[in-house]
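The next block holds one structure in the form of structure tokens; read it before the comments.
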Amino acid sequence: MSRTSMLVAASAASMLVLTACSESTSDATSGTDTISVETANGQVDVPVNPVRVAALDNTSLETLRAFGVEPVALPKPILPDQGFEDWVADEEILDVGSHREPNLEVVSEAEPDLIVGGYRFADYTEELSKIAPTIDISPTDEDFVQSLKTQTEKLGTIFGKEEQAEQIIAELDEAEQNAAAQTTGQTVFLANVNGGKIDNGAQRIGRIVEPLNLTDVFAGDEGDIHGDSGLAPETIAQADPEWVIVLDRDAAAGEGDASPASAVFAAQEAFENTTFMTEDQVIYLDPFFYTREGIQAYTEAYESIATEFENAEA
């Protein structure tokens, strides 16, 4: 064997060893590298760094955007009004519609390599999986904040953005720890402003206080994020929580004629002598928190909580 032939053979052998050591595999028909991802629907083999992505889970959108991913299909009606204007206006990004009546034919038309499903689209996983590999790695009700970190880590692995994912997680960790350090058992009401009324929002934002040392004055009665449980302002005033954290669902849902949550609170005569109003201890989450709900939204929420509580002690 010539020296050149020996070098070629050695190089080929080295490549075989590297391939064998890789965590990803290669699709025999397309040659595309794939990786196995643990999802809510079991282990799913997905392409590494997929190009055509249908992004349906709103909790993943800001992370995908940070990674430089431009989706081929989106549920445009449920995107936040701010932050994604260019995606909504881009006609080349197909509109799947909302999770209530999604057009799955549009997803198929987009010819995705990967579908990031789950959360509001969890019921459609089986149908979506017939179109392309579909992953549900959305945050879970149990330990929601920790599962946001897991979601981010998995997306980083899929898109080859591990270092960026680590930085996003580190920012949440820091904000969460700072907020936890400022909370020492204070009482709190987790409010939801829906239809111009104030209700118990623990069903949706109770997740925020899970790693914090706060006492929910209406613990065990989570209300209905979409409805009206009949919780009266007088009942809230009687509970007299030290703090209130507010989700403005009206703003996020695009109720254009609805008053801002701050105006709704200010209009409540029953709140006039409460601790949270007299001490100005009401924290309003980002107006689009309800349609964001991803790791960045939670990072911002903890930063606000840490700042507001620290200032109150100053």
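The values are calculated or read from the model by the stated rules, or taken from the named source; none is laboratory data. Everything quoted here is computed from the prediction, not taken from an experiment. Backbone-built Cβ (ideal geometry, glycine too); neighbour counts: all protein chains shown. Note: accessible area is taken over every heavy atom of the protein model, side chains too, but ligands, DNA and RNA are not part of it. Shrake-Rupley method; radii C 1.70, N 1.55, O 1.52, S 1.80 Å.
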Point to revise | Some residue of the stretch 56-68 being modelled with pLDDT of 95 or more, touching a Leu at 6+ places or on another chain (Cβ under 7 Å) and over 19 Å from I295 (Cα atoms) | key: no
**Study point:** Criterion: small (G, A, S), open to solvent by less than 20 Å² (accessible area, probe 1.4 Å) and modelled with pLDDT of 95 or more - qualifying residue of A191, A239
**Key:** A191
Review point. Of the residues that sit in the stretch 266-314 and are more than 17 Å from A252 (Cβ to Cβ) and among the hydroxyl-bearing types (S, T, Y), which one is surrounded by the fewest Cβ atoms within 10 Å (Cβ to Cβ)?
Key: T278
Exercise for review: Can you confirm whether the stretch 41-64 contains a residue that is on the phi > 0 side of the Ramachandran plot, open to solvent by 10 Å² or more (accessible area, probe 1.4 Å) and not in a loop (DSSP other than H, G, I, E, B)?
Suggested key: yes
Review point. Does E91 satisfy the condition of being out of contact with any Gly (no Cβ under 7 Å at 6 or more places or on another chain), of a type outside the set (A, V, I, L, M), modelled with pLDDT under 95 and over 20 Å from F289 (Cβ atoms)?
Key: no
Review point. What is the one condition in (1) over 25 Å from G97 (Cβ atoms); (2) buried (at least 17 other Cβ atoms within 10 Å of the Cβ) that I137 does not satisfy?
Key: (1)
Review point. For the stretch 111-123, how many residues are surrounded by fewer than 21 Cβ atoms within 10 Å (Cβ to Cβ), touching a Pro at 6+ places or on another chain (Cβ under 9 Å) and over 14 Å from T140 (Cα atoms)?
Key: 1
Exercise for review: Please tell me if E111 is free of Cβ contacts under 8 Å to residues at least 40 places away in the same chain and farther than 30 Å from A180 by Cβ.
Suggested key: no
Revision key, fill the gap. Residue hits (the stretch 134-158; β-branched (V, I, T) and in a helix (DSSP H, G or I)) are V145, T150, T152, T157, I158
Check your understanding: Across the stretch 155-188, what is the total count of residues that are open to solvent by 10 Å² or more (accessible area, probe 1.4 Å) and closer than 27 Å to D240 by Cα?
Key -> 10
